[in-house]
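Peer 1: One structure, as structure tokens, below. Some questions next.
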Amino acid sequence: QATEQRPPAHRYLDVVGAAKSFKGTVVMDNMNFRVAKGELVSLLGPSGCGKTTLLRIIAGLLEADTGDIILGGRNVSSLPAHKRNISVVFQNYALFPHLTVAENVAFGLRARGMSKSDVKAPVAEALALVRMDTFADRPVSALSGGQQQRVAVARALVVSPDLLLLDEPFSALDRKLRETMQIELKALLRSRGITAIFVTHDQEEAMGVSDRIAVMNSGRIEQFADPSTLYAQPASPFVMDFVGLSTRLTGHVIAQADGIATVKTHVGKVRANSQLVVGTPVQVGVRPELITPDPSTEMNQIKVQLDDVMTLGSKTVLHGVTTGADKFLCELPGIRTGYARGETVTWGWAVADTLIHEVPA
Ligand code: ATP
């Protein structure tokens, strides 16, 4: 009796050594990317870094030059898109405008040969999931952007996909609606245990919806980690810049003692928890919410001229400029008063909060 070969749960989706060139230009080289069952993962990166290319290769909409796509233990590399049991939600929803909401959602099931009467129950269930059941008989052309997005999600889920891929699914929605949809969709995917990959260039969206985020740069994954690790321990200057705001100063290590490196920058010394040795060229940074306008003596300190005060309600953001024209942000919770533009002040942050990376000299 043959035993079923079940893949380990942590390699439910396994992209192995995928490469892709367009007309001789390499856009992806030896991509390895692994997703666990039930995980919600984001591909995050600037325009042109290869997010959509990777998504399309997984979906089977684009053929990789080399490499394999393993899904649930099955090598789907040579299967056409419609045989992979992967659903894709596109940025523009790609609904059929002349069909009703219910007909759009039924489309995939009908294409699989299900009868009109058999699709009724699953379509109704999928529409109820996205709270669009009362719209079943409307033409999709009469729906708002958020409603169309929900229909697109229902259409993607009704076929019980092994994997759901979403290419910038919220980018056409306004900010408030986008946030609502992110929360709703995340809850929906979690409750059904669906494995999903979101493509986005919006870091807040990626942080909000994902268990893990793959930060991409020029066709490579720079770091693949959970949101808090990415933010607190970015693996490279690129990740530090792309995920969250921070100020960067360049310099080199001038002292090393007990795992604390002292870095000389053009606006003073900055200490960091690091084993990097004397002479190493580095970049140091700090997150705005970790800067305090009332530093203690053991903190790193920096003199800035207060350039702007932005009262945003939930937070107040102070803008400071160093003598070297570096811009520092200091983010304080709530509404703060008593800061006057033009005054020179000393800000600080804990040594342990300094982000540090070696950079090419
Ligand atoms: P965006 O956020 O702008 O959608 P992306 O990260 O999804 O960008 P891709 O669309 O994957 O990036 O593109 C990666 C690179 O491959 C880009 O340099 C792009 O110009 C190139 N590229 C993508 N598709 C093609 C194609 N069909 N022919 C030639 N070059 C392509």
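Peer 1: With respect to the numbered conditions (1) more than 14 Å from the ligand (Cβ to nearest atom); (2) aliphatic (A, V, I, L, M); (3) touching a Gly at 6+ places or on another chain (Cβ under 7 Å), which one is the sole condition not fulfilled by Leu71?
Peer 2: Leu71 satisfies all of (1) more than 14 Å from the ligand (Cβ to nearest atom); (2) aliphatic (A, V, I, L, M); (3) touching a Gly at 6+ places or on another chain (Cβ under 7 Å) except (3).
Peer 1: Take Ala325 and decide whether it is over 29 Å from Glu204 (Cβ atoms) and over 26 Å from the mean Cα position of the chain (by Cα).
Peer 2: no
Peer 1: Could you list, in sequence order, all residues of the stretch 322-354 that are exposed (fewer than 13 other Cβ atoms within 10 Å of the Cβ), outside any loop (DSSP other than H, G, I, E, B) and among the hydroxyl-bearing types (Ser, Thr, Tyr)?
Peer 2: Result: Thr344, single match.
Peer 1: Here's something else I'd like to know. So, in the stretch 279-307, of the ones that are farther than 14 Å from Leu355 by Cβ and touching a His at 6+ places or on another chain (Cβ under 8 Å), which residue ends up surrounded by the fewest Cβ atoms within 10 Å (Cβ to Cβ)?
Peer 2: Selected residue: Gly279.
Peer 1: Please identify the pairs in which a residue from the stretch 50-66 that is near the ligand (Cβ under 9 Å from one of its atoms) has its Cβ atom under 9 Å from the Cβ atom of a residue that is of a type in the set (Ser, Thr, Tyr) and assigned to a helix (DSSP H, G or I), counting only partners at least 6 apart or on another chain.
Peer 2: Every condition considered, the pairs that remain are Leu62/Thr52; Leu62/Thr53.
Peer 1: From the list Asn92, Asn75, Asn104, exactly one residue is modelled with pLDDT under 90, assigned by TED's automatic domain parsing to the domain that holds Phe198 and not hydrophobic (A, V, I, L, M, F, W, C). Which is it?
Peer 2: Only one candidate passes the filter, namely Asn92.
Peer 1: Could you list all residues from the stretch 147-191 that are more than 16 Å from the ligand (Cβ to nearest atom) and part of a loop (DSSP other than H, G, I, E, B)?
Peer 2: Val158, Val159, Ser160, Pro161, Asp162, Leu173, Asp174, listed by residue number.
Peer 1: Across the stretch 74-88, which residue is nearest to the ligand (Cβ to nearest atom) among those that are within 23 Å of Val27 (Cα to Cα) and crowded, with 20+ Cβ neighbours inside 10 Å?
Peer 2: It comes out as Val88.
Conditions (1) among the polar types (S, T, N, Q); (2) touching a strand residue (DSSP E or B) at 6+ places or on another chain (Cβ under 6 Å), marked per residue:
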site	(1), (2)
Val321	no, yes
Gly324	no, no
Pro333	no, yes
Arg336	no, yes
Gly342	no, no
Thr346	yes, yes
Trp349	no, yes
Leu355	no, yes
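Peer 1: Identify, from the list Leu71, Leu55, Leu44, the residue that is within 27 Å of Asp226 (Cβ to Cβ), in contact with a His (Cβ under 8 Å, 6 or more places away or on another chain) and of a type in the set (A, V, I, L, M).
Peer 2: Just a single option satisfies the conditions, and that option is Leu44.
Peer 1: Only one residue in Ala111, Ala81 is farther than 18 Å from Met216 by Cα and in contact with a helix residue (DSSP H, G or I) (Cβ under 6 Å, 6 or more places away or on another chain). Which one?
Peer 2: The conditions single out Ala81.
Peer 1: Does Ala152 satisfy being under 30 Å from Pro360 (Cβ atoms) and assigned by TED's automatic domain parsing to the domain that holds Asp137?
Peer 2: For Ala152, the condition - under 30 Å from Pro360 (Cβ atoms) and assigned by TED's automatic domain parsing to the domain that holds Asp137 - is not met.
Peer 1: Continuing with this model, one more query. So which residues in the stretch 292-317 are in a strand (DSSP E or B), more than 27 Å from the chain's Cα centre (by Cα) and aliphatic (A, V, I, L, M)?
Peer 2: Ile302, Val304, Leu306, Val309
Peer 1: Let me ask you something else. For the stretch 310-321, how many residues meet the condition of being buried (at least 16 other Cβ atoms within 10 Å of the Cβ), farther than 22 Å from Gly268 by Cα and out of contact with any helix residue (DSSP H, G or I) (no Cβ under 9 Å at 6 or more places or on another chain)?
Peer 2: Summing the residues that are buried (at least 16 other Cβ atoms within 10 Å of the Cβ), farther than 22 Å from Gly268 by Cα and out of contact with any helix residue (DSSP H, G or I) (no Cβ under 9 Å at 6 or more places or on another chain) in the stretch 310-321 gives 1.
Peer 1: Which is among the β-branched types (Val, Ile, Thr), over 19 Å from the mean Cα position of the chain (by Cα) and outside any helix (DSSP H, G or I), of Val105, Val27, Val41, Val88?
Peer 2: None of the others qualify; the one that does is Val27.
Conditions tested, residue by residue: (1) among the β-branched types (Val, Ile, Thr); (2) over 12 Å from the mean Cα position of the chain (by Cα); (3) buried (at least 18 other Cβ atoms within 10 Å of the Cβ).
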{"residue": "Pro161", "(1), (2), (3)": "no, yes, yes"}
{"residue": "Ala172", "(1), (2), (3)": "no, yes, no"}
{"residue": "Ile194", "(1), (2), (3)": "yes, yes, yes"}
{"residue": "Glu205", "(1), (2), (3)": "no, no, yes"}
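Peer 1: Gly24 - would you say it is within 12 Å of the ligand (Cβ to nearest atom) and either at pLDDT 95 or above or surrounded by 20 or more Cβ atoms within 10 Å (Cβ to Cβ) (or both)?
Peer 2: In short, no.
Peer 1: Restricting attention to strands (runs of 3 or more DSSP E) lying wholly within the stretch 202-285, give those where 3 or more residues are more than 16 Å from the ligand (Cβ to nearest atom) and in contact with a strand residue (DSSP E or B) (Cβ under 6 Å, 6 or more places away or on another chain).
Peer 2: Per the criteria, 247-257, 260-265, 268-273.
The values are calculated or read from the model by the stated rules, or taken from the named source; none is laboratory data. Keep in mind that this is a model prediction, so the values were computed, not measured. Glycine also receives a Cβ, built like all others from the backbone with ideal geometry; neighbour counts cover every protein chain displayed.
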